[in-house]
Structure formats: C-alpha cells, structure tokens
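Following: one structure in structure tokens, then a few remarks.
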Amino acid sequence: MPIEIDFFLNNINYIGAMVLFVIGLYTVLTHPNLIKKVIGINIMETSVFLFFVSIGFISGANAPIVEQGQAAETVVNPLPSAMILTGIVVAIGVTAFALSLIVKIHEAYGTIELDEIMQIRSAEKND
Amino acid sequence: MTKIFTFLMLGGLLFVLLTSITELPTFGESYAPAHNEISNHYIEQGPEDTNSPNLIGAIITDYRAFDTLGEATVLFTAIAAVVAILGVVHHKQDKGDNHE
Amino acid sequence: MNDLIVKMTTKLVLPFIQLYGIYVIIHGHLSPGGAFPGGAIFATSIVLFTIVFGLRIGQKRLPHHVSSKLETSGIFVFIVFGLTGILMGYQFLTNQEAGFPMGEWGRVFSAGFIPIITFALGIKVMSAVVTLFHTMMEEE
Amino acid sequence: MNITQLRLMVELALPIIIIVIVLLELLLIPFLGRVSRRRRVRRVTVRIVIFLTIILMVSIYPVVINAPLEWHIAHVFGNGIIFRIDLLSLLFMIFAGLIFLVVSFYTAVDIKNFGREKSFYSFFMITYVATLGTLMAGDLLSFFMFFEIMTFASYVLMVHQRSQNVIEAGSIYIYFGIIGGLSILAGILILSAYTQSYEWLTLGEKFGDLGAVRYVAAGLFILGFGVKAGMVPLHHWVPVVYPKSHLSVNALSSGILMKIGGYGILRLFVSVIESTNGQSEQMLNGSLLTLENIGGIIIWIGIITMIVGVIAALEQEEMVRMLAYHSVSQMGYVIMGIGVAAYLGFDGSMGFAGGFYHMINHGIFKALLFMVAGAVYFKTKDKNMYRLGGLYKNMPFTTIVAIIAAFGITGMPLFNGYASKTVLHHAIVEAHVYGHSSFFWAEQFFMLASAGTAASFIKFIIQIFFGKRAEAHKDVKETYNSGTVAMVILAVGVVAIGLFPNALLDYFIIPAARTLNYDAQFIDNYLVGMNVFLYDDLSTMLPVYSMGALIYIVGMRYHLFHFHLPKQLNPESGYYQPAYDKFIAVTKKVLNKMEQVIIKSDVFIYGIMLLVLLISLLNFL
Amino acid sequence: MINIHFPIFILTLLLAFATIIPLQKRPFDRRFQVIMMSVLVVSLVMAIGELIYVIDHGAYSYTFGSYERGIGIEFLVDEFSVLMTAVVIVIAFFILLYSIRDLEHEIDPSRIYSYYTLIFLLLFAMIGMIFTNDIFNMYVFVEILSITSVAIIAIKNKKDSLMASMKYLIMGTIGSITVLMGFALIYMVTGHLNMTLIAEEIVLVWEQYPLNILLAMGFILTGFGIKAAIFPLHNWLPDAHSSAPTPSSAFLSGLVVKAYVFAIAKMIYRVVGPDISTNIGLTDYILIFAVLSIIMGSVYALSQTDIKRRLAYSSVAQIGYIFLGLGLATDLGISAALFHVISHAFMKSALFLSAGSIIYLTGKRHVKDLSGIAYTMPVTMTVFCIGTLGMIGIPATSGFMSKWYLGLASLDAGQPELLIVILISSFLNALYYLPIVISAFLQEKPSRETIVVVSTQGTTVPRSMKISMALVGAGVIIIGLFPNIVMDIINMAVPTFIE
Amino acid sequence: MQILNVILVIFLIIAAIAVERTKDLLSAVIIFTSYSLVMALLWLILRAPDVAMTEAAIGAGITTNLFVIVISRTRRQEK
C-alpha cells in the first residue's frame, strides 16, 4: 500500500498516540528506577487519552458548549472528552498511590532502583 | 542482547500498531462510526435533558454520573490507600486537635 | 521558606486563585471546567500556602479530620441525590424526570442536581488533593 | 411395629439406614474411650454396628433374589444418586460385613497394643461404609465417590504406624490410588459424556454404539480398578505397603479392599451384559465384540498376574511380603475368571461364577493367612520365614489353622479354594473350547501357577511350623483371645465352603448369573447341580501338588528361593521416594532459574505477549 | 419492585460504609465490628432477595438516570452476577470475621480502619464490575479494584509486601491502560460503550474494520490477562498473594481474580460475541493459555516450599481451569467455568484462611515445618484438608464437581486432550498438596509438643477464626454435594453469554 | 490548524523521549510537566476544553507537585 505524506498528516494524532504508547512502555521496561517507571506509565496513560480524544474530534466542529437545538455535526463528540476527564482523575489516583509506595520502598530498602532492590532481596534470601 | 530484544519487541509492536492505523477510520471525519446516534443524542437532546450548555459537564454529572461516582471513589480510594501506607497523619492530627 | 516577598505574594494571590477555583466549579455546567479542574485549582492555593508557610500551618488551614469529612460528604451528596431518583420512582441518579428543578437555561442554578453534585465533587477533589499533599509531605 | 413393617422400612431406605448407622457410630467413637474401660466399649460398639448392618443386609435377601432394589436420592451431585442392590452386590456386601466383623475381632489384638484406637476405628468405620457404598452404588458418580473415600480412609489405616518409612511406603499406595482414581474418573467422564447417563445400567445399554471410545473407557476403567486389584503392571504398591502396615489392615485390604477392584471390572462387564434386553442386533454384536476383545486381554492379564505373583512370592523370605504377592497372584485368578465372564459373552457364566466365587474364597483364606502370620509375628517378633521353625509344639492351634488356610489357598479338595479353582478351571477350559485355541496355553499356565502356589505354601508351613526351632522361640506360648475367635470363624468358613461348595453357588451365584442375563441354558447345563468332586476335577489337583512338592524340594536343594531381582527392577527397593525427591529437585532448580528471569522481566513478557497476541490475531486476516 | 434496585442499594451501602469508616474516632472495638458485620449481613440479605427476584423474573437491565440503554450507564443484572455477588458477600463475611482477630498481628493497629475502608471499597468495585454492562464503567471499577487490591497488600508494610505490591501496581496499571486502549479501539468503530449495543454493532462493522477489532481484543485480552494472571503474565501473583496479610490473600485469590476472569468472559462473549470470538481464534488462544497456566502453575507450585506461595501458584493453575471452560465456547464449558469460579472461591479461601491461621499461631511458613501440626490445631488442618481434597478433586467437594463439569464440557466440545490436562494437573495437585496434609496429620515428630507458639493471643486460634474457616470449609462440601444450588442458577445465566 | 497539530505531536514525542533519556529525575519531571501542558494545548485544539483544563490543573499541576515531593523525599539522580 503506498503511504503518502498526507496519510501521516491526517492521522498524526493516532500515530502520535501509538508512538507515545510504545515510548511509555519502553520507559517502563528499561528503567530500573521506580519513579521513571511511574512517569512511563503516565506517558502511556496520556497516549491512550490522546487517542480517545482524537476519536471524538470532527474537523471544523466546535467545542461541546452548545446552544439549544444545535445541529449535531457542528459540535465534536462530547463522550470521549467526558471519559477522559474521568480517566485523568483515575490516573492521578494511581500515580499518587504509586508514589506513596515508592516513598515507603525508599524507607525500607534505601533505594528506588529495582535492580539494587533485587540484589538486596536475593542477598537476604541467601542469608 | 536484552537491549536488542527490547528494541525488536517494541519495534514490532510499533509496527503492528502503525499498520493498524491504515485501517482506522480517518481522523477528524464527521461520518466516523464513533459519531453515531449516541453522540447525536447528547448534542441534540442534551440541552433538553439536562438544561446544561456544557455537554461534557452534563455527561459526567448526569448521563454518566455513575462513572463520576466511581471516579470520586477512585480519588477516595487513592487517599485511603496513601493514608494506609504512609499514614501517620490521622492519629497525630487528631491528637493535635485534642490539645487545642 | 522564610522569604517575606514570597509570603506576601502568596497571601495576595491566594484569594484570587481560590475565587477562580470556585468560579470554575460552580460554572461547571455552563462553561469548560467543572468539579475536577476547579477542585484542583482550589487545592493548588492551599498547596501553595502549605509550601510557603510550612506543613504545620498548612495543615491547620485544612486539618485532616475536616478534609476526611469533606470527602465523605462529597460521596454522600452523590449517593443521596442518586437515591432521590429511586425515591421518586425512577432509577438511581435520575435528574430531570425525578423532579429536580431544571431552572433557566444558562443560569448557575439550573440543570437539576448537576451544579450541586459538581460543587460537592469540587470540594471533595479539593480536599482529596490537599490530603494527598499533606500525607505525602509528612515526614515520619 | 411388627416385623413386616420393619422389613418394609428397611427395603425403603436400606442404604440410608446403613450410612446413618455408621455415621452415628463415627460420632460416638471419639466420646468412648477416654478411659481404658470404655475403650473396650468402643470395640464392642464397632462390632455391634457391623453386625447390625449385616443383619439388615441379610434381611433383604428374599426381596433381592426376585428383583434388584433401587433407591433414588435426588439433588446430590446435581442429577441425584442411585443406590442399586442386586444379588452380586448383596453377596459382596454381606461378605464385606463379615470380613470387617472378623477383622474387628482381630484388631483387638493388633491395634490395642499400638494405641491411637480412636483414629483407627473411625477410619475403620469410614472404610466400611465406603466399601458398602461402593458396592451399593447404582450410578458412576456415587460409585466413584465411595471408591475414593475408601482409598483415602484405607490409606490412613495402612499408615497407622506412622513412622517415617511407613508414610513413605503409604505414599505409594495413595498416589497409586489417586492415579487409579483419576483414570476411573476419566473413564466415567468419557462414558457419561458419550452416553449422557450416569447409571451402570443405562450405560450398558448404550455401550454398543460408542465406537472406539468404548475401548478407551474400558481401558481406563481396567487401569483404575487394576491398581486397586493389584493387577500386574500396577501391583507395585502391594508388596511395598503390606509389610509396613498392621496385619489386621493387611487382612482387611486383601480380604475385601482389593476385591473392590475386581468387583469394579466385573460390574462394568456384567452391566453391559445385563442391559442387553431389547437391543438391536447390531448394537448387541458391537457390545459382544467389545467384550470379547477386552475379555481376551483381561484373561491374559490375569494369567500374567498369577504367574508373576507366584514367582515373586516364591522368592520372598518375609511371610507378609510373600502373602502380599500371593494376594496379587490370587487376584490374577479372579481377573482371569472375570476375563472369561466377558470373553464368552452370554456364555460366560462359568467365568463369572468362578471369579465371583474365588474372590469370596480368597478373601476368607487370605485374611486367615494374614492373621496366622500375625499370630506368629506377635509371639516371635520375627517375620522372616527362614529364621522361624518348629513352632507347631508351641502353637498347635495356629498350626492347624495355618494348615487349613494353606489347604484352602492351594486348592485341596474339601477346602474352599478347591471349589472356586475348579470352577475357574472349568471356565478357562470353556474359554478354550468355545473361544480361541490359544487359551489352551492359558490353562497350562493356570496349572503352573497353582503348582507354584502349592510349593510356596508347602514352604510356608514347613518353614514356620516344622523343622528346627530357633533357640529364641523356645518359650513362645500360644495365647487365646479375640483374635483366636476371628481365626476360628474364618477357618470354619474355609472348611464349610469346602464341604458344601454348592451352597453359595445355588443361593447366590446362580441366581445372580440368571438375573444378570447370562444364557439360561448354559447355566442349567453346566452350573446348576455342579459337582466339583468328580474324578476329572480331583485328578487335576494331583499333578498340581506333586509339581508343587517338586518345586519346593528343588528350590530348597538348590537355593533357588534366594534368587532376587536386581535392585533396579525390584519394586520394593523403594525408588519412588528418591525419584520423587529428584524430580522435585530438578524442577526446583530449573524453575527457580526461570522464575528469576520471569520476575525480573515482567513488563518485557507483557510486551512480548501483546506483540505475539496481536500478530497472531492479525494473522487471521 | 424495589428488588430491582437492590444491586444499587448493595453498592451504595458498601460505598457509604467505606466512606464513613475513616471518620471513626473510637478505637477498633466490638461495636464497630458488629456494625461492620451487620452491613455485610444486610447486603447479603439484599443479594439473596435480588437472587430470588432474578430467578423468578429473569435477567433485566438497570439503566442509571432512567436514560435508555446506551445513553446512560447500564447494569445487566443476570442470574450469575447476582449469584456471584452473593458468593462474594458470603466469602467476604467469613474473611472479615476471620480478619478481626488475625489482623491484630498482621498489620499496624493504627491502620486497621484504613484496611477496612479499603476492603469495603474493594467489595464495592468488585460488585460493580460484576454487574456493569458498560465498558468504561468497567474500567473505572477495574481501577478502583486494582488500587484497593494493591493497597491491602502494601498495608502490611513489610519489605516483601511493599515490593510485591509495587510490582503488582506497575503490572496492574499497565494492564488497565492496555484494557483502556482496547476499549478506545472498540469505541472507535462502534461508537458505543454499552456492551449489548457494541455486540449488535460489532457484527455490522466487523467486515469493515476487522483489524481494529482484532487489535482491540488483543489489547483487552492481554490487559485483563495480567490481572487475571494467565500463565506468562502471572509473575506478580505469587509474590503479591504470598506476602499479603492472610485476609487479603484470601480476598485476592478467592475473589478479586475471579472478577477479572468474569470481565474477560463478558468481553469475549457479551461484547465481541461467541461467533466472532471463535471465528478469529480468540477462544483457541484462551485454551492455549489455559493449558499453559494449568500445567505450569501446578509445576511451579510443586517446587515451592513456602506454603502461601504454593497456594498462590496453585491459584494460577486453577484460573487456568476457568479459562479452559471459557475457551471451549460451549454452553457446558461456560457453565463449568462459572461453576469453578464459585467453587474455587470457596476452596482457595478455605486454604488461605487455614494456612493463615497456621502462620498466626506458629509463625511457620515452610511446608517441612508443618509435620504433626494437626495435633495442635485440628480444626485448621481439617479445613485445610477439605480444601486440599477439593483441589485434588475428591468427590463430595466442590472441586470434584468443577472438574466433572469441565471434563464433560471438554469431551462435549470434542477436545479430549484437555481432559488429560485436567487429570495430569489433578495428579500434580495431589503431589504438592497431599504431603502437607499427610505430614500434618500423620507424621509425628519428637517435638510434637514443642511446636513454638509465637502468637501473643494464646495457645489456640481464636474462635472467630475457627468458625469462619469451618464455615468456608462447610461451603466447599455443601457445594460439592449439592452443586445444583449453584449450577441451576448458572445454567439460567449461560444464555446471556451464548445465544 | 493541522500543521500546529503535527508540530505539537512531534513535540510530544520529543518530550517523551527526552523524559526517557534524562538521568536527572527532577528534570525529567519538569519535562514531563511541559509534556502535559502541550498535551493540554493539543486537547484544546481538538476541541476538548474541559479535558485540557483538567489536564493542565491535575496532570501538569498536581502530578508534578507529587513527583517533586517524592523526589525530594527519595533521591534525585537516576543511577
């Protein structure tokens, strides 16, 4: 299938969302630092949100603040936005909880690097 | 070695995801399947149903208010969890208040 | 942080932030915004206060027992208004059909229980965010 | 309430009554026996309860002889369960009751000195009710439930000594039992999935048109029951567990529990034969062909079992182990009879009678032999036959009982083994005459195994009770206690059945064969009024005994009985535990390595999984 | 008619109670315990009332805000959901009864209120997830559930449990993001969030956007797969379940994982529909993962020496059974899977609770240390023994009936090789469970009298713990003997999965 | 408008990669904040002002604050 530059430009939000998803996953995957992992998770989350919001977009339409009896095509789909609003709050909840866990782990192990923690644990196991 | 595998894996994933975009409904089209009778209902009936100009507000607090209750619960849960894990605040604070 | 300028500026700015937060909350059904951004903005003011004046004084602004009550009441408002729908013979969280006054288009007091719930949620979000901060900043 | 009403009530709910009685006794057991006086009460109540159930079972004989009794109990296991008592199961139940009763007398000697009676008698009663339940069960599910309960409860009895090596040996029993149970479960599942029914009877109806699945199902059943019956490739647990467990448990296991395996196979075959009424020609032929094929295999398995068992028994020094191998060997006879019962189809009544009859006879004399071995062991504290000898002066009663039992097992005329072995011999000859010519050789092996049994028991009697007496055993004295009662009962049974071999045949086995739809003409011709004391039959025993004596003399002269298998091939060398440990160690080593990798790379695995799943799903396009 | 609101009443009651708990000023006393248990009793009564109503009137849809289906959020109250709710509440009741005494020595006393807040939120989320017929609503509940289930592990505040919960949180969050991505893709082509409407729509758009739906299902299956601990994604589970406080382990293993499994069942059968699922081979993949889970979970369990880890790995295997039933895509398969959901909930709770009270009294976790322990704690070990027999599949326990149904289903679906898998795994179950029971009941050590009692509470397990364990164990037997109590209701609900 | 959209998305990707590459956690968080703000801007362009506000207030504001607090309580440099 010949892919033209227009295709990229037209679907840039979807492509961006996918790329961000993979970058987030890469961040979670390769960094032993727990804070970095949490940031990676946040990047993944925002990428999904971006994807969601892009679904609802209609070019040339207005924001979903309407007058009575407005035609449907002139306003973007409000449902994805409403869902993402919920999603963002959910994300902050998870992030806050993960961060508090990180604080606790730092207190317990003295480090927030996963590989160091693994070493400490295996050393403890062998004792 | 692990790095190569990681890149291969993520590259493959990215490739699959990007390939799939070729088949997605094009971005920004008004006839995409997501813009169906449901969203039309929100836009056209929304003002009458809820009397609220901000449709997003109408959706989160009326049409899908139960989601928002869940969302509020998520926040509550997060706080309960954080307090449960870090939580020295509760008792110290109570004591402090009693002294005053 | 014992910088006088910062303290003064904070005291000066604080009411405006709070006013804006409340505005965003109570105009949630009219204009962009709503409970969550509004609550967060309001919370930012207290967070700023705490950062500037220290945790101890900040906590006195919104003590834990107050904030936990606010959170509980936020969810309770939700539940109570939801159950009203059942009481009126409809389903949970029914707005217009359950007889909530719809009011006039574009006014703050319109749209049935939407502004009330938004307000309750805004307060809840505010107290939630502040509690998160205070808990996180608390050193053992 | 008069007697008729009572009978009616019993008829109405016999299985429930039995189960409830035993459960009540189970509740009672822990409360009795805080002090030593009450311990005796406990034993007595156990005996009373067993006796009561026997009376109940006997009381329904007049009903059952006309038609089998059925009880439906709704809702249990979803579709409800069925109890069904026909003559086959009734005889087995009464027999089980008797064996349990006799053994409960003997346990007084055996367990009393060992302690932990509460646990022993509880599980004794559970085993009892489970055995009865297995026999009463009219559908596969309840059959399997009682069968598994029996396995587990008898396991606890087997490891009652509870030292480390006993538990290791017992693990082999329980794991063999679980494998057997699982294969029975698989068989049941296959049968009920393909026939949509759970009952033994409707199962037989639909057995004919199952296709190749019926062989799989039957194979799984035979595998599962074979474990319990000690069929040859699956008999390893017998010689490993028996020497480590109490002798009364051995008597119980050999007397009735192993028979349940045989009963299961028999029940499978007879329910196919029983339910052939009104079947189409084609289905009937299908069923019969299957039975013939499977039966042929079973006959040979039986032959192999008896030969292997007897050869292994000849080489044992320990009496318990020897008796254990003889149990295997004698189960071979039974399995052979069952094989004939299936192989000849409607004409297999002789095999049915033989297998059935021999199970009962073997139960009696093998229990007796174990008790004899116990009586010797309790006095001398020695199980090695070569170190014993000359005990007839010290223990005259035990000697007589032992000789009676040995006559029983070797098939001396006028003792019970002779009767059933003669029937079995007729059966194998019939298989030869009416079936395939290869069973001529089967008959020869049959004779050979009998000769081996004779040699083995000549050795048993002479080594223990005659010959030179060891110095250590000079002061051994016979004591008479409740164990003696048990032995007397069994010995009387051996002699009585031997003197009147037709009684059991006439009152139980022939009616059973008739109700089970075996060919009536055939039964009339061969079984009814069968006289086992004819010259032809009597004369077969002469070469058996002479050959047995010859084997014994040659064996003793050239020390052939001390020949042992290499350790690797010997099932008793206990390589199960090391193999298990090794297996665990290897898995642990491999998996721990893998586990570390997996735990470290959890997100990585997620990515791979997502990628693989997406690619493979997209492949669909 | 009020009955149709009972799911809402249960949810609001649990939520309201959860929000009230942090306001408690008094110490954790009997009054609070009584209130807590009575909240559960009231919910149970409502659940049973709802069950009766649903059995009489059939499944119905409950739309929030009186809007029609699709506009607002909808609950699909079918027979199995209500039954599952009742089971969740019953088991939660027993676990909470158990936890009252057990928690004292597992977590810091100042956190007990937080613990119960989290537990009630967990119940709220789980029941919401069971009922909901709206994918985004399900996502919200999934998030609440994942936060609470992590928090009830981390609350123990030991090094191990913190690390385990961190791992669980990362994996779980990635899982829910993935699920959300899948939902986004589904929403993109169907424009609906309501499962019923999606199912109707997806048949129409299937030809046009197949790639999209496949991608979505891949995302959803992987995402929920993490949370339901399918084999290669199970790695968070053993750590999490073994390092958690005992009541949490019982909750997580007995109930929480089941909620996700049920979510997968909904996604496969109610959203995508059985036809498309089998057509694109989704069910085949599920079967593969199920078989892998069953075998590998059992093998892993075999090599564990820590009793709780052994139980945790066994959960992986048992979840494989459920997926096995789901993957068969037949009536019998689904009903068997749903039956196993409930039967395993009882068995695993019984096992975890009894293992927990061993640890409570003796502090011993290594399986080799448990010889002769039944002499000290007969009730506990009897319950453990019942659970074990259930896992092996001895008749008269619920485990047997689930194996029976699964075996029948796999034969019915023409896949007898799965029967072999089930049997092998049963034998492996026997291999790793029976030694514990045998050594506990039969082996006597010279040190039988000297089993060290570390509990400060005394030399016996508290009565409330014993009672709750015994009742859960009795549940195993009752369901095993009378499976129709559960199976009849499940059979009513199966048509909502497969038309 | 499309060009702006493309630029913002490219900026997002660059910011995400920068977050991934930065060893200093505090800088990473700050870059993440800018990422969030750009995301909010993007959502504004996509006609979702509520989401944009929420993201700006919660995603950029609160999250950053939380991260900063946690970094101050643990350590700043990634190893």
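The values are calculated or read from the model by the stated rules, or taken from the named source; none is laboratory data. Note that the coordinates shown come from a computational prediction; the quantities given were computed from them, not determined experimentally. Heads up, the Cβs are rebuilt from the backbone with ideal geometry, glycines too, and the neighbour counts pull from every protein chain shown. Accessible surface is based on the protein model in full, side chains and every heavy atom, while ligands, DNA and RNA are left aside. Shrake-Rupley method; radii C 1.70, N 1.55, O 1.52, S 1.80 Å.
For chain D, a/c is less than 1.5, where a ≥ b ≥ c are the root eigenvalues of the C-alpha gyration tensor. That puts it in the rounded class. What are the DSSP H helices in chain E that stretch 24 Å or more along their long axis, judged by alpha-carbon atoms, and whose average Kyte-Doolittle hydropathy comes to at least 0.0? Result, helices passing both filters: E:30-57, E:79-106, E:112-131, E:135-154, E:159-190, E:210-228, E:282-302, E:307-328, E:331-362, E:416-441, E:463-481.
A protection proxy built from the mean count of other Cβ atoms within 10 Å ranks the segments C:17-29, D:493-505, E:290-302, most packed first, as E:290-302, C:17-29, D:493-505.
For peptide E:213-225, the mean count of partner chain Cβ atoms within 10 Å of a residue's Cβ comes to 5.
With N as its number of residues, chain E has a Cα radius of gyration that, divided by 2.2 N^0.38 Å, comes to 0.93.
Toward the positive end of the charge dipole of the protein assembly as shown, with +1 on the Cβ of Lys and Arg and -1 on the Cβ of Asp and Glu, the farthest Cα among E:Leu51, C:Val24, D:Ala454 is that of D:Ala454.
Rounded to the nearest 20, the Cβ-based charge dipole of the protein assembly as shown about its Cα centre (Lys and Arg +1, Asp and Glu -1) stands at 7040 debye.
When the solvent-accessible area of the protein assembly as shown is split by element, carbon and sulfur atoms take up 65 percent of it, the probe being 1.4 Å.
Legend: residues in the range D:173-215 shielded by at least 20 square angstrom of accessible surface upon adding the remaining protein chains to the isolated chain (1.4 Å probe, heavy atoms) are D:Tyr175, D:Ile178, D:Ile179, D:Leu182, D:Leu185, D:Ala186, D:Leu189, D:Ile190, D:Ala193, D:Tyr194, D:Tyr198. Starting from the Cα gyration tensor of the range E:90-202, take the square roots of the eigenvalues, sort them a ≥ b ≥ c, and report rounded, prolate or oblate (rounded when a/c is under 1.5, otherwise prolate if a/b is larger than b/c, else oblate). Note, shape of the range E:90-202 comes out oblate. Highest mean packing first, where packing is the average number of other Cβ atoms within 10 Å per residue, the peptides A:78-89, E:409-420, E:353-364 line up as A:78-89, E:353-364, E:409-420. The protection proxy used here, the mean number of other Cβ atoms lying within 10 Å of each residue, ranks peptides D:75-88, E:256-269, D:159-172 as follows, highest first: E:256-269, D:75-88, D:159-172. Summed over qualifying helices (DSSP H, 4 residues or more, each -39500 (n - 2.57)) and divided by its residue number, chain E shows a 222 nm mean residue ellipticity of -24500 deg cm²/dmol. Basic side chains Lys and Arg get +1 at the Cβ, acidic Asp and Glu get -1 at the Cβ, and with that the dipole of chain E about its Cα centre reaches some 2100 debye. Net charge near A:Gly93, counting Lys/Arg +1 and Asp/Glu -1 over other residues with Cβ under 11 Å of its Cβ? Summing Lys and Arg as +1 and Asp and Glu as -1 gives -2.
Shape analysis of chain A places it in the oblate category; the axes a ≥ b ≥ c from the Cα gyration tensor give an a/c of at least 1.5, with a/b not above b/c. As a length-normalised measure over Cα pairs under 8 Å and 6 or more apart, the relative contact order of chain D settles at 13 percent. Between D:Met556 and D:Phe583, the contour length at 0.36 nm per residue exceeds the alpha carbon distance by 5.5 nm. Counting Cβ atoms of other protein chains within 10 Å of each residue's Cβ and taking the mean over peptide E:17-27 gives 4. What the Cα convex hull of the range F:2-73 gives, in volume per residue, is 56 Å³. The mean sequence separation of alpha-carbon pairs under 8 Å and at least six residues apart, normalised by the residue count of chain E, gives a relative contact order of 15 percent. For peptide A:104-112, the mean count of partner chain Cβ atoms within 10 Å of a residue's Cβ comes to 6. Under 5 Å from the amide H of E:Tyr62 lie the amide H atoms of E:Phe75, E:Leu76, E:Val77, each residue being 5 or more positions distant or on a separate chain, with H modelled from the backbone and absent for Pro and chain starts.
Each helix, a run of at least 4 DSSP H residues, gives -39500 (n - 2.57); summed and divided by the residues of chain B, these come to -23000 deg cm²/dmol at 222 nm. Taking every alpha-carbon pair under 8 Å whose residues sit at least 6 apart, chain F reaches a relative contact order of 33 percent. Give the D-E buried accessible area in Å², both sides summed, 1.4 Å probe, nearest 100. Summing both chains' loss of accessible area gives about 5500 Å².
For E:Val77, the shell of other residues with beta-carbons less than 15 Å away shows a net charge of -3, using +1 for Lys and Arg and -1 for Asp and Glu. Between F:Leu42, F:Leu12, F:Leu66, the Gaussian network model of chain F with springs among Cα atoms under 10 angstrom shows the greatest mean-square fluctuation at F:Leu66. Helices in chain D, meaning DSSP H runs of at least 4 residues, each add -39500 (n - 2.57). Divided by all residues, the mean residue ellipticity at 222 nm is -24500 deg cm²/dmol.
Simple rule: put +1 on each Lys or Arg Cβ and -1 on each Asp or Glu Cβ in the range D:257-407, find the dipole, and look at D:Met395, D:Ser287, D:Val340; the Cα lying farthest toward the positive end is D:Met395. Within the shell of other residues whose beta carbon sits under 12 angstrom from the beta carbon of B:Thr73, the net charge comes to -3, with Lys and Arg scored +1 and Asp and Glu -1.
For chain A, the membrane-span-like helices by this rule, meaning whole DSSP H stretches whose C-alpha atoms cover at least 30 Å of axis and whose Kyte-Doolittle mean is 0.5 or above, are A:34-56, A:78-109; this says nothing about an actual membrane.
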